[in-house]
Amino acid sequence: MAHLRVERTLSDNTIGAYRRDLTRYVDFLQARGRSAAGQITTEDVSSFVHALRTGSDGGSSLAARSVSRVISAVRSWHRFLHAEGLAPDDVAAEVSPPAPKAALPKVLSIDQVSELIAHAAVGEEPLDRRDAAFLEFLYGTGARVSEACELAVDDLDFEGRAVRLFGKGRKERIVPMGQALIDALGDYLTRARPQLSAAGRGAAVVFLNAWGKPLTRQAAGAIVRRHAEAIGLPGPVTPHMLRHSYATHLLSGGADVRIVQELLGHADVATTQIYTHVSIDHLREVYATSHPRAR
């Protein structure tokens, strides 16, 4: 855990997930009579994959995607043990998790996003202004919910029309802000945030709750869900769907996938390319209007 926090600078949420996954793994190993890292075999790791799928270790059975996440943590741990000389071999190196079924991200249409933000912008109370700015920020920057909740006031550059975000591993990136977002943030920061901040202890983050404390991921999800339900959007609608929508609408509008990769903070362009599949309707439209034998 210290290695993940200090050397790999992973977030608290990611470290917590590693701890939960590895705790289940260690419990599984102990039940098999393993008491030291050097006793673990490749067969143990493979059996753990089966236990995750079936729940035969007493835990809940997991879908392929969740198993993949857990085994990723297991493989990282075994690489660490081997590198530190705590185990003679990396016994998990050859164990592959089950391939998860490719799932396209769920996105909102441009009209749905506009209606969602417009609903939040109707109210005049501080929390109404916060909600409008928060939704505008998620869609206007493609930020992860954790990035939005941890956003500091000093990370906003209104003169440069940009915001500094810190992604996974505290990797920094600069994302431009459009006029709609600048207007919503300006309204919130001048007419709402001072009142919310007065209720707390002067937190430095942008988005605050009613008690002047930083907005949590759970509260952020509740904000999106509440306004989505109010306008009748088919649910569940999550903060991450606004990030998906941001990427999809950029690509549909003609943005280069490498630029979108940079904006999203993806380490690998392959992660970004999934959004090109979501834009198939746009591709069909272009084909239908451009190809001489399309109709």
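Data for the structure
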item	result
Entirely in segment 197-295, the helices (runs of 4 or more DSSP H) that have 3 or more residues that are touching a residue at least 24 places away in the same chain (Cβ under 8 Å) and surrounded by 12 or more Cβ atoms within 10 Å (Cβ to Cβ)	217-230, 239-252, 257-264, 274-278
Extreme residue, least open to solvent (accessible area, probe 1.4 Å), among residues of segment 171-182 that are in a helix (DSSP H, G or I) and under 15 Å from VAL153 (Cα atoms)	LEU181
Sole residue being among the charged types (D, E, K, R), surrounded by 13 or more Cβ atoms within 10 Å (Cβ to Cβ) and over 30 Å from GLY167 (Cα atoms), chosen from ARG34, ARG24	ARG34
Residue satisfying condition, being touching a strand residue (DSSP E or B) at 6+ places or on another chain (Cβ under 8 Å), of a type in the set (A, V, I, L, M, F, W, C) and without any contact (Cβ under 8 Å) to a residue 40 or more places away in the chain, within set ALA118, ALA162	ALA162
Cβ pairs under 7 Å, 6+ apart, first in segment 11-31 and of a type in the set (Val, Ile, Thr), second surrounded by 16 or more Cβ atoms within 10 Å (Cβ to Cβ) and in a helix (DSSP H, G or I)	ILE15/LEU4
Lone qualifier among VAL74, VAL49 - being farther than 19 Å from ILE15 by Cβ, of a type in the set (A, V, I, L, M, F, W, C) and buried (at least 18 other Cβ atoms within 10 Å of the Cβ)	VAL49
Hey, SER96 surrounded by 15 or more Cβ atoms within 10 Å (Cβ to Cβ) and modelled with pLDDT under 95 or not	no
Residue in segment 102-112 that is within 27 Å of THR238 (Cα to Cα), open to solvent by 60 Å² or more (accessible area, probe 1.4 Å), over 19 Å from the mean Cα position of the chain (by Cα) and at pLDDT 90 or above present	yes
Segment 9-23: number of residues that are of a type in the set (D, E, K, R) and farther than 20 Å from ALA92 by Cα	1
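The values are calculated or read from the model by the stated rules, or taken from the named source; none is laboratory data. Quick caveat, the model's predicted, so the values are computed rather than measured. Glycine gets a Cβ as well: all are built from the backbone with ideal geometry, and neighbour counts include every protein chain shown. For the accessible areas, the whole protein counts, side chains as well, though only heavy atoms, and no ligand, DNA or RNA atoms are used. Shrake-Rupley method; radii C 1.70, N 1.55, O 1.52, S 1.80 Å.
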